[in-house]
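Q: The structure's right below; bear with me while I get my questions together.
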């Protein structure tokens, strides 16, 4: 993605078992790796759970929390966000509605992503089907937190969806199905990245 | 409690099986009844769960959500707060820290109660041991929500604790052990209510 | 149901908030009341949870555990079955397959009910659609436990389903939708009870 | 461990993020790798969860289920055991008591391990403190299942504990703290393996 001139940040979020391989693969490319989740546990006798410390050791630079497929209790989101900051890990906290987006913004994570769950994996993008969710999310989140980076997601399919999401006031998107299930994932990512750059530079 | 002249609101939160009896007992007294919890389910095939609709039918006028002994996922707190409002039930949402207090305040419940879990049931009151938690809770919550009624709790033992909690900027307290385990629960409640009234009227 | 001559046992399992009212209503009738669930907690600081002790105090004579809509961890089923026995409460443990039916039978509850979850609430009865599940359940459970009372359920609609369930080797059924949603619940219960009696007496 | 002549089987269970590295390291050594847990989900939209398929792809030959630090619902243990068998993965199911050990044995896993949770991580071994738990576990499990391999664990500290566990009727042990926290893990493993061999060969 060198042709993008560093203007677009790409973060990958592989399953736990693939983190080390992906980190190794992207080292030096500017692409970063986040974990898909972290468990609210301390390192030690926590068989089959993943504490933030173990994820950091595996090489991630951040972690997704409260994904729509893996919701957390509010108190646990808060303690994980605080602990991640201490460990030097970034946090991207998901929310299902503008109101919960504002709620997690109060916890001071690095990123908030608002994704209407009913659109996730459908190919019907939030940018097209529910732009008002994006607009209202930005509005409610900014009342609570002026610094957090706002993302959106759910059904994001192509560059046009990314372009719209950014024009509606967010800084980028969360996307899975459209890339993972694509015949040519690289060209989908490239299309989205180029569109993101256009939206940001106002073209 | 007629001598308090209606200046102090008392809400009881009995276990599910006792709700109807308590509602019957307090009818006409001005005392209201809240449920201790509600499950994020719709009425129907939800064996052993309590939907808001079932609690309303049993006579409660509100519900406690996210108590420190019964934490909920953030998305569920939000959907329960919204549904309760539609059903005409009030919501009192608990939080463990000022930051999570601000987070739940963004969901627009009627009451937010911030209770440091390490003090709950100890007899060491938040008013004495951690007044800064109360002060900071009020500050963070008010940035997000100007209307929500702010309560505090954890270790509240007597009228003096209630007085302090109100003078630090909250509107009242959540209390369990100090009353339930008291030899004479009535006199503890009375002491707390009288102190609350003094604090509110600035005596 | 006096005309049944005591040959059929009827147990009701209302929601928590209705237990006391139902217990009062059926006292002296021979009908018993079970709770729909119990939480694996000790009485005390367990806001919004229902310990066995609280259910007993409300008047139940037993409890359903691990219902398909409210699955429990295996270790918790075991500790609840043991504690219920100490408290003088009967236990009816549900299972989804013959194998899990045998597993819970090893814990020595009073009743095991095997209910294929895909048929629950459908009106397509296990007796008609999956008699082999009933037959195999009885076979596997009896290898492990010779005394436990075996029930079945899922989609049970009328007396004929009850008759078949008993003829396939169980001692009775669990039923909800067919009665709760009936225009005339009493006549449905009566039909089922009469059919049960016929099946038992070999008519 | 070549000097053991293949008489002792050693299985390692690293955290998810380390599985691929450990598998690579032990390939050809006869040592096998199990996952610490698997989530009851199908591959797909299950962010931050680990399905059996993903673990198999990472190279494990089996999976621990229902560890005392990560209990599962009974229905999920059953479906995971069945699915693992289809995928060619072995299953080691933990239990907290002889009764729950018998219960999981009814599900036909490859291994059952009974570990009294109150001894886990204490250094007070089940072999010394509760030999009757081992003896009763073997007795109850064998009534239900004649083939399953029975293990025990909790507080296992040295070769003597392993020797006793095998002499009381099990086929081996689960151990974590005593090795992970040892100054010289290799010599602890070696001591345990040599003792196991002695116990098996009746020396």
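Q: Kindly indicate whether residue B:58 is buried (at least 18 other Cβ atoms within 10 Å of the Cβ), in contact with a helix residue (DSSP H, G or I) (Cβ under 7 Å, 6 or more places away or on another chain) and over 23 Å from residue C:56 (Cβ atoms). Talk me through it step by step, then tell me what you get.
A: Values: buried (at least 18 other Cβ atoms within 10 Å of the Cβ): yes; in contact with a helix residue (DSSP H, G or I) (Cβ under 7 Å, 6 or more places away or on another chain): yes; over 23 Å from residue C:56 (Cβ atoms): no.
So residue B:58 fails the test.
Q: Let me ask something additional. Here is a check on your reading of the model: is residue B:39 at pLDDT 95 or above and part of a loop (DSSP other than H, G, I, E, B)? Spell out how you get there, then give the answer.
A: Numbers: at pLDDT 95 or above: yes; part of a loop (DSSP other than H, G, I, E, B): yes.
Answer is yes for this residue.
Q: Continuing with this model, one more query. So residue B:42 ticks every box in (1) surrounded by 18 or more Cβ atoms within 10 Å (Cβ to Cβ); (2) more than 10 Å from chain C (Cβ to nearest Cβ); (3) out of contact with any helix residue (DSSP H, G or I) (no Cβ under 6 Å at 6 or more places or on another chain) but one. Which box is left unticked?
A: Against the list (1) surrounded by 18 or more Cβ atoms within 10 Å (Cβ to Cβ); (2) more than 10 Å from chain C (Cβ to nearest Cβ); (3) out of contact with any helix residue (DSSP H, G or I) (no Cβ under 6 Å at 6 or more places or on another chain), residue B:42 comes up short only on (1).
Q: Quick check: anything in the range D:87-94 within 17 Å of residue D:115 (Cα to Cα), in contact (Cβ under 8 Å) with a residue 40 or more places away in the chain, in contact with a strand residue (DSSP E or B) (Cβ under 7 Å, 6 or more places away or on another chain) and not in a loop (DSSP other than H, G, I, E, B)?
A: So far as the range D:87-94 goes, yes, one or more of its residues are within 17 Å of residue D:115 (Cα to Cα), in contact (Cβ under 8 Å) with a residue 40 or more places away in the chain, in contact with a strand residue (DSSP E or B) (Cβ under 7 Å, 6 or more places away or on another chain) and not in a loop (DSSP other than H, G, I, E, B).
Q: Do we have any residue at all in the range B:124-137 that's part of a strand (DSSP E or B), away from every other protein chain (no Cβ under 11 Å) and more than 22 Å from residue A:72 (Cα to Cα)?
A: No - not one qualifying residue is present in the range B:124-137.
Q: Any idea how many residues of the range D:141-162 are in a helix (DSSP H, G or I) and surrounded by 22 or more Cβ atoms within 10 Å (Cβ to Cβ)?
A: The number of residues fulfilling the criteria is 4.
Q: Could you grab me the full set of residues in the range B:61-73 that are more than 9 Å from chain C (Cβ to nearest Cβ) and part of a loop (DSSP other than H, G, I, E, B)?
A: B:61, B:66, B:71, B:72
Q: Condition (residue is buried (at least 20 other Cβ atoms within 10 Å of the Cβ) and in a loop (DSSP other than H, G, I, E, B)) applied to the range B:171-185: is it met by at least one residue? Reasoning before the result, please.
A: Initial filter on the range B:171-185 (buried (at least 20 other Cβ atoms within 10 Å of the Cβ)): B:172-175, B:178.
From what's left, in a loop (DSSP other than H, G, I, E, B): B:175.
There is at least one residue in the range B:171-185 that is buried (at least 20 other Cβ atoms within 10 Å of the Cβ) and in a loop (DSSP other than H, G, I, E, B).
Q: Here is a follow-up. Kindly evaluate residue D:54 against the criterion of being at the interface with chain A (Cβ under 10 Å from one of its Cβ atoms) and either in contact with a strand residue (DSSP E or B) (Cβ under 7 Å, 6 or more places away or on another chain) or more than 29 Å from residue C:137 (Cβ to Cβ) (or both).
A: Values: at the interface with chain A (Cβ under 10 Å from one of its Cβ atoms): yes; either in contact with a strand residue (DSSP E or B) (Cβ under 7 Å, 6 or more places away or on another chain) or more than 29 Å from residue C:137 (Cβ to Cβ) (or both): yes.
The answer is yes for residue D:54.
Q: Just need a number here: residues in the range D:83-98 that are facing chain C (nearest Cβ under 9 Å) and farther than 30 Å from residue D:29 by Cβ.
A: Count: 2.
Q: In addition: Can you pull out every residue in the range D:153-192 that is out of contact with any strand residue (DSSP E or B) (no Cβ under 8 Å at 6 or more places or on another chain) and without any contact (Cβ under 8 Å) to a residue 24 or more places away in the chain?
A: The answer is D:179, D:180, D:181, D:182, D:183, D:184, D:185, D:186, D:187.
Q: Checking residue D:70 against (1) buried (at least 22 other Cβ atoms within 10 Å of the Cβ); (2) closer than 24 Å to residue A:44 by Cβ, which test does it fail?
A: Tallying (1) buried (at least 22 other Cβ atoms within 10 Å of the Cβ); (2) closer than 24 Å to residue A:44 by Cβ, residue D:70 fails exactly one: (1).
Q: Something else: Taking the range A:16-33 as the search range and keeping residues that are touching a helix residue (DSSP H, G or I) at 6+ places or on another chain (Cβ under 9 Å) and closer than 22 Å to residue A:83 by Cβ, which one is nearest to the other protein chains (Cβ to nearest Cβ)?
A: The residue in question is A:16.
Q: Restricting to the range C:53-86, what's the tally of residues that are under 11 Å from the mean Cα position of the chain (by Cα) and either under 23 Å from residue D:101 (Cβ atoms) or free of Cβ contacts under 8 Å to residues at least 24 places away in the same chain (or both)? Working first, answer last.
A: If we filter the range C:53-86 for residues that are under 11 Å from the mean Cα position of the chain (by Cα), which is where we start, we get C:62-67.
Narrowing the set further to residues that are either under 23 Å from residue D:101 (Cβ atoms) or free of Cβ contacts under 8 Å to residues at least 24 places away in the same chain (or both) leaves C:65-66.
Looking only at that region, the number is 2.
Q: Let me ask another. I'm checking my understanding of the structure. Among residues of the range C:126-140 that are over 20 Å from residue D:108 (Cβ atoms) and touching a strand residue (DSSP E or B) at 6+ places or on another chain (Cβ under 9 Å), which one is surrounded by the most Cβ atoms within 10 Å (Cβ to Cβ)?
A: From the range C:126-140, those over 20 Å from residue D:108 (Cβ atoms) are C:126-131, C:134; that's our starting set.
Checking the rest, the ones that are also touching a strand residue (DSSP E or B) at 6+ places or on another chain (Cβ under 9 Å) come to C:126-127, C:134.
On the way: C:126: 30, C:127: 28, C:134: 24.
Looking at residues that are over 20 Å from residue D:108 (Cβ atoms) and touching a strand residue (DSSP E or B) at 6+ places or on another chain (Cβ under 9 Å), I get C:126.
Q: If you don't mind, another one. Filter the range C:99-117 down to the residues that are touching a strand residue (DSSP E or B) at 6+ places or on another chain (Cβ under 6 Å) and not in a loop (DSSP other than H, G, I, E, B), then identify the one that is farthest from the other protein chains (Cβ to nearest Cβ).
A: Selected residue: C:111.
Q: Mind checking which residues of the range C:42-60 are part of a loop (DSSP other than H, G, I, E, B) and closer than 30 Å to residue C:152 by Cβ? Explain how you work it out, then say what you get.
A: Let us first name the residues in the range C:42-60 that are part of a loop (DSSP other than H, G, I, E, B), namely C:42-51, C:59-60.
Matches in the range C:42-60: C:49, C:50, C:51, C:59, C:60.
The values are calculated or read from the model by the stated rules, or taken from the named source; none is laboratory data. Because the structure is a prediction, the values reported are computed rather than measured. All Cβ positions, glycine included, derive from the backbone under ideal geometry; neighbour counts span all protein chains shown.
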